[in-house]
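Since the structure comes first, as structure tokens, the remarks are kept for the end.
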Amino acid sequence: MLESIVSYGLAVGAVYALIGITYNVMFSASRVFSFTAGMLGMLGGVLGALFINKLGLNAVLGFVAVLACGAVLGLITEVLTVRPVLKSIEQHLYVLSTLAFALMVQQLTAIEWGTEAQPFPRLIPIGAGWLDQQFWLPMLACAVTIVGLELLYRKTLVGRAFLAIAEDSYAARALGLPETRLRLASFALAGVIGTLAGFTGAQMLLAFFGNQSILSFYGFIPVALGGMGSNRGAVIGGLALGLFQQTANFLVGGIFAAVAVFAVFIVVLLFRPEGLAGAAAARRV
Amino acid sequence: MSISRRQVLAGSAVSAAALASGFPAPAIAQNEPIKIGYLPALTGPSSSTGIGINRGTLLAIEEINAAGGIKGRKIELVSRDTQSDPTKAVNAVAELTQRQKASIIWGPLNSGEALAATPLIARDKVPMLHPCWVDSLIDVKKYPMAFRIAPTNTQVGIGANHYVVDVLKLKKVAVISDTTGYGTASVETYVPMLKSKGAEVVYSGHVDAANPDLKPELLRMRNAGAQAIMPWSVNAGFLSRILNTRGAMGWDVPVVGQTTLGSGQTKALLEKPENWNKVYSNNFRNCCYVGGKLPARAQEFVDRLKKSKIEFGDTLLWWVALGWDGAKMIGDTLQAVGPKANDIVAYWNKVKGWPGVYGTVTWTPEQHNGFPDSEVVMCEVNSLRDGAFNLAPGYSG
């Protein structure tokens, strides 16, 4: 039982954490909470199965093609759904535009790919049981992503520019930073991370258009738990969510497991609305 | 040219006189084809069933027309693809009943569309024949002109429960479903039926179909002593996870349930082909191999399909047979009583032991569900050959 809780819990949690990071990367660059994160996760699995299973690309090429598609979708998201509404950001119009785009892509996927779950290839045929790829691949992807983002943000000029935009976009622009291009790059990066989450988790979650709503929601919980904009918080929140969900599956089972997850989520937000790792925002007076 | 009121009145008077004197209808009407409204889902998510049924329907109509039609009149199948969409089915009903003046409606072929279309067909007072399983689609008071040529969901459950309890002689059963309306309703209907047969339901639950790990549920079933698992879901992902988890646990328990267990989509999601062993899904006695052979009626039908070069290896024999039965029943009815609605319903109300390829049909004025319980059986899902499966082990005869 413990083995199953840990292996499945951490693997699913890593996927949730990566979706949470996808939300964060888009939010940091634009202050827009884009609902396309779950869509990117869903497409990671569907496009991976399409490129490798149906079109016969080898695993490496298929993987690169999926990430490239993710980047392009990130760019399209920024241009079509975020940029036009940034002027009215106080009205939260982006909620509608990003959600509409995500739903449109999901419907197109259902029409073109089908509404049945389809298999995702076993890419690295080593290990059995809890050492299977489906468990360690999402965890590896999560570790690589968080380390990569830390290095990007702390060690590179572009990364620091991302942080500057996230901190104060007006000041960053006044200093001559190309805000629009940096925002575009952030959305492309989010596209890569989102599809990476879906690709690495697809053997477990299958290539299924319905994964979009699940990932959109369960990927949001780590962000809420970990604090908006905090990638480390998203990782901790995601892994904790995965482990808790799997424990609830074993202890209460069935539909009650989902109820337990939502109950804990609500309780945490009641006591820590800024998230477990977030700090209460100071308000200028 | 303008028509005066006097001319209209004069014309009406002549028509009335002709009618009163029993003047024969124009010969052209006698040669007009008899229109059958047909509502298959040939595209969209539910189309695999529709495509299979369509092949049998077209064959039957072709055979009837080639043999001279109905007293010299051809049958014209007015087909409208519902695209697996209840809204499109509803729109098509209006066209078929009111504009095309169809004598009979064959379909819709899926329950979702039939739930939307049946009240409208009943309102337009057109006889309706359909193969959908949802129980509430047949109600002699609400829909006196609707008849079913297939089993109900209840009969499907009875067939599966009979196999587990009476044929396999297993008494401890786990019943699981996804959280869809179909899944939860099935569990709520079938669990009391199992208990009334003397079985002990040691596990009963609904699980989110998206849950990637069903090991906790299967462990609960095993710990409770389940000797058979009965999953009720049309979600191939959910069903394959049950089978894969059972395989990973090395648990040799039979899995007995809905037809999707034996679908190609479920097969594609299996981690190992062995995970399909000891899996039994609903099927129909006339379309199953027994000792490697089909029943004579079905074999003769298969020979005709091959002769007519109709592909059925990529679909299921019972779907094609069901399509043929539906159209053949309509042909036999029109041959016997003609195209008038009340005559058709009166004829159907007296059908007894009609020998279809898919099933034997009996209707009465009180019972418009025509399929016999005894012909709902289980089959071995890993035995698919030429669109048909082996009868599951344990049945006699």
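The values are calculated or read from the model by the stated rules, or taken from the named source; none is laboratory data. Please read all numbers here as calculations on a predicted model, not as lab measurements. For neighbour counting, all protein chains shown are included, and Cβ atoms are generated from backbone atoms with ideal geometry for every residue, glycine included. All accessible areas refer to the heavy atoms of the entire protein, side chains included, with ligands and DNA or RNA removed. Shrake-Rupley method; radii C 1.70, N 1.55, O 1.52, S 1.80 Å.
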Per-residue average of other protein chain Cβ atoms inside 10 Å, peptide B:201-212 -> 5
Sites residue A:124 and residue A:86 - FRET efficiency at Förster radius 56 Å, r taken between beta-carbons, to 0.05 = 0.85
Estimated distance in nm for a label pair at residue A:267 and residue B:195, the labels positioned 7 Å out from Cα along Cα-to-Cβ | 3.2
Accessible carbon and sulfur surface of chain B relative to its total accessible area, %, 1.4 Å | 55
By the mean-Cβ-within-10 Å protection proxy, highest first, B:368-377, A:234-243, A:254-263 rank as A:234-243, B:368-377, A:254-263
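How charged is the neighbourhood of residue B:124? Take every other residue with its Cβ under 12 Å from the Cβ of residue B:124, and add Lys/Arg as +1 and Asp/Glu as -1.
Details: positive: B:99, B:101, B:123, B:125; negative: B:95.
Every neighbour counted, the sum reads +3.
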Listed peptides A:140-153, B:224-237 by packing density, highest first (mean Cβ within 10 Å) | B:224-237, A:140-153
Size of charge dipole - the protein assembly as shown - debye, nearest 20, with Cβ of Lys, Arg +1 and Asp, Glu -1, no other charges = 780
How high is the relative contact order of chain B, in percent, counting Cα pairs under 8 Å that sit 6 or more residues apart?
-> 17
Per the C-alpha gyration tensor (a ≥ b ≥ c, the square roots of its eigenvalues), chain B is rounded if a/c is under 1.5, else prolate if a/b beats b/c, else oblate; here it's prolate
Using only atoms on other chains, find how many Cβ atoms lie within 10 Å of each Cβ of peptide A:246-259 and report the average.
-> 5
Alpha-carbon centroid distance for the pair segment B:304-374 / segment A:32-102, whole angstrom | 50
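Using a probe of 1.4 angstrom, how much of the accessible area of segment A:2-222 is carbon and sulfur, in percent? Before the final figure, lay out each step's value.
Working: 6580 of 9290 Å².
Result for segment A:2-222: 71 percent of the exposed heavy-atom area is carbon or sulfur.
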For segment B:235-258 the residues that are at least 40 Å² less accessible with all protein chains than alone, 1.4 Å probe, are B:241
Total accessible area lost when B and A pair, probe 1.4 Å, Å² to nearest 100 = 1600
Rg/Rh for segment A:144-212: what does it come to with C-alpha atoms and Rh from Kirkwood?
-> 1.12
Mind telling me which of B:136, B:204, B:79 comes out most flexible in a GNM of chain B, alpha-carbon contacts under 10 Å?
-> B:136
Pull out the extension gain between residue B:180 and residue B:31, defined as 0.36 nm times the separation in residues minus the alpha carbon to alpha carbon distance; nm, one decimal.
-> 48.7 nm
Computed Rg/Rh for segment A:2-222 (Cα atoms; Rh = Kirkwood radius) stands at 0.99
With every protein chain present, what is the per residue accessible area of segment A:2-222 (1.4 Å probe, Å²)?
-> 42
Restricting to Cα pairs under 8 Å and 6 or more apart, the percent relative contact order of segment A:2-222 works out to 48
Which value at 222 nm does chain B reach when only helices count, each DSSP H run of 4 or more adding -39,500 (n - 2.57), with the total divided by all residues and rounded to the nearest 500 deg cm²/dmol?
-> -12500 deg cm²/dmol
For chain A, what does -39500 (n - 2.57) per DSSP helix run (n ≥ 4), summed and divided by total residues, give at 222 nm, in deg cm²/dmol to the nearest 500?
-> -24500 deg cm²/dmol
If you place +1 on the Cβ of every Lys and Arg and -1 on the Cβ of every Asp and Glu, how big does the dipole about the Cα centre of segment A:2-222 come out, in debye to the nearest 20?
-> 500
In a Gaussian network model of chain A with springs linking alpha carbons closer than 10 Å, the residue among A:250, A:162, A:209 that fluctuates most is A:250
Sorted peptide list for B:50-59, B:97-106, criterion being average Cβ within 10 angstrom, highest first | B:50-59, B:97-106
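For chain B, what does the accessible surface come to per residue with a 1.4 Å probe? Please give it in Å².
42
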What residues does segment A:111-127 have that are buried by at least 10 Å² of accessible area in the full protein assembly compared to the chain on its own, 1.4 angstrom probe?
-> A:115, A:116, A:117, A:119
Please compute the net charge surrounding residue B:194, taking Lys and Arg as +1 and Asp and Glu as -1 over other residues with Cβ under 11 Å from its Cβ.
-> +3
Where in segment A:191-208 does accessible area fall by at least 10 Å² between the isolated chain and the complete protein assembly, at a 1.4 Å probe radius?
-> A:204, A:205, A:206, A:208
Set the Förster distance to 25 Å, then compute FRET efficiency between residue A:79 and residue A:155 from the Cβ-Cβ distance, nearest 0.05.
-> 0.30
Among the listed pairs B:142/B:328; B:74/B:328; B:197/B:278; A:54/B:267, those beyond 24 Å (Cα-Cα) | B:142/B:328
Of the beta bridges DSSP finds with both residues in chain B, what % are antiparallel, to the nearest 5?
-> 25
Which of A:38, A:118, A:7 sits farthest toward the positive end of the charge dipole of segment A:2-222, with +1 on the Cβ of Lys and Arg and -1 on the Cβ of Asp and Glu?
-> A:38
